[in-house]
Amino acid sequence: MNALPRFSKALRAGTAVTLLLPLMYACADEPVPLVVEFRPDCPYEGAIRFQDSAGQEIQAYTELAVPGSLTMTPEYHDCQRFILPGSPTYGPLVAIFAAERLGELIDSLEFLDQTQTSLLAMPVAQILSFDGDYASLGILRGHNCVYLWKKAATYDAYVLPVQNQQRCAERHPPNALPAGGTPLTVQVRTRPDPPFNREDYPDVARWDRDVPGQQQGMALGCGKGWCEIGPTGYAAVPSHDWPALPKEHRRTVVMKGWYDEQPLADSTPAGLLVSSVIGTIFPHPDLRNRTLQNYDSTWTEAAYVTLSAPLPKYKTRLNLDAGNLPARQMNVISLCRGPRSSCGVPPQPSGATTCKKAADPWWARIISVQQDTAYRCVIRRVHPGLTIPGAVRWRWSPDDEIGWIRCPEGCCEMTGDS
């Protein structure tokens, strides 16, 4: 199936199209586990829980110093187990949280540089490592502050581990940053063809990786660009581009903050290992504008997902086949809101888990590259009063990787229930 050209045609025609990414355990209802290895994700429903270095006190956060009111809104942030260099195994579980009003902070850095005013290193992100260090990025277990400043049109970054996470809200002159941190380089990616505006770059934070896949990096929206941050010599995987697409659609292909791509985890007899399969997820460019009415009793094309090679578990759970990214062969996921009867969802199989959230029924229909169809329950949890970016990302779960999406007023989760 050549999904993306059909997707572009729908956009030009004004058809209501949105995005759904598969979510299995995020936003789950069960009690929060205290064992880090079994955390479904870092932004967890109710609170983010962190066990201190003595392994005794459990600290619970609903609001961190830098992300503020956005702390529990996962579409702005990212959380993964880092891939260990030269190994198919995983290291520490690390979350990065974008700063609240990130765009305003970047504007301040631009102003200070342009006016040659006394420079300040601004806290643009906050990192929480749950169970380990990652030396090349200067990350220690616990809380870490990410500072950014601009001088002579060049950005620099600094990661500072702290005991008290409130310290991450502090601002410092770049030549007077507290000792004990790690300087990092910043590469700003811009797209002048066609000219993209500031709103084309999302104010989110993401984990990234280098071309060989041996080094983790971080990235975030920085005004009219996308800042890729890492140690000296770090070069992140380049973004995609299909120049023939309309600008609004092309934006979600060339700007990494809107889509997400990474090697996927796979459950094996030896445990959870890094697979050689690359998973790529693109959002619809109008995702941020969709309302509840767009989904009422109507199957609306949603997500476009491709795997670089087959992974049996992803086929079983989510009906995702291997696709062809250059040819834009994608697994297509559609979303419908309403009872089974109004959405045309087949009867529940005997012995299947009962779908939750009967008061707000949502469904997903997954049509694979091979054209077979599967249905799944969808659970929506809201973030009242917050603007949710139309961005998507892969996320960590205990036994594979799935995804977050922006849905009307909050977070959508596609379960394994049918």
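Computed from the coordinates by the stated procedures, all read-outs in this text should not be read as laboratory data. Everything numeric here is computed off the predicted structure, so don't read it as measured data. Here Cβ is always computed from backbone atoms with ideal geometry, including for glycine, and neighbour counts include all displayed protein chains.
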Item to check | Under the Karplus curve 6.51 cos²θ - 1.76 cosθ + 1.60, θ = phi - 60°, whole-Hz ³J(HN,Hα) for the range 94-111, x wherever Gly or Pro sits | outcome: 9, 10, 10, 10, 5, 5, 5, 6, 4, x, 5, 5, 5, 4, 5, 5, 4, 5
Checklist outcome for this item: Taking a label point 7 Å from the Cα of Lys357 along Cα-to-Cβ, the residues of the range 294-310 whose backbone nitrogen sits under 19 Å from it are 294-304
Item to check | Shape metrics for the range 173-236, restricted to C-alpha atoms - Rg then Dmax, Å | outcome: 13.6, 42
Item to check | Spin-label proximity, Lys247 to the range 275-304 - amide N less than 20 Å from point 7 Å beyond Cα toward beta carbon | outcome: 283-289
Checklist entry - According to a simple spin-label model (label point 7 Å from Cα along Cα-to-Cβ), what is the distance in nm between Ser87 and Asp131? => result 1.3
Checklist entry - Quick one: which of 382-388, 180-186 comes out on top by average Cβ neighbours within 10 Å, and what's the full order, highest first? => result 180-186, 382-388
Checklist entry - Taking θ as phi - 60°, what are the ³J(HN,Hα) couplings along the range 226-241 by the Karplus curve (6.51, -1.76, 1.60), each to the nearest whole Hz, with x for Gly and Pro? => result 10, 8, 9, 10, x, x, 3, x, 5, 9, 6, 4, x, 7, 8, 6
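Can you work out the FRET efficiency for the pair Ser341 and Ser267, with r the C-beta to C-beta distance and R0 = 35 Å, to the nearest 0.05? Don't jump to the answer; show the numbers that get you there.
Numbers: r = 36 Å, r/R0 = 1.02.
Calculated value: 0.45.
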Item to check | Potential lengthening between Ala235 and Thr190 on full extension [0.36 nm per residue; Cα-Cα distance subtracted] | outcome: 14.7 nm
Item to check | Among 109-118, 123-132, the order from most to least packed when residues are scored by Cβ within 10 Å on average | outcome: 123-132, 109-118
Item to check | From phi via Karplus (6.51, -1.76, 1.60), per-residue ³J(HN,Hα) for the range 381-390 in Hz, x at Gly/Pro | outcome: 10, 9, 10, x, x, 9, 8, 9, x, x
Checklist entry - Between their Cα atoms, which of Lys256/Lys313; Lys224/Lys247; Lys224/Lys256 are more than 19 Å away from each other? => result Lys256/Lys313
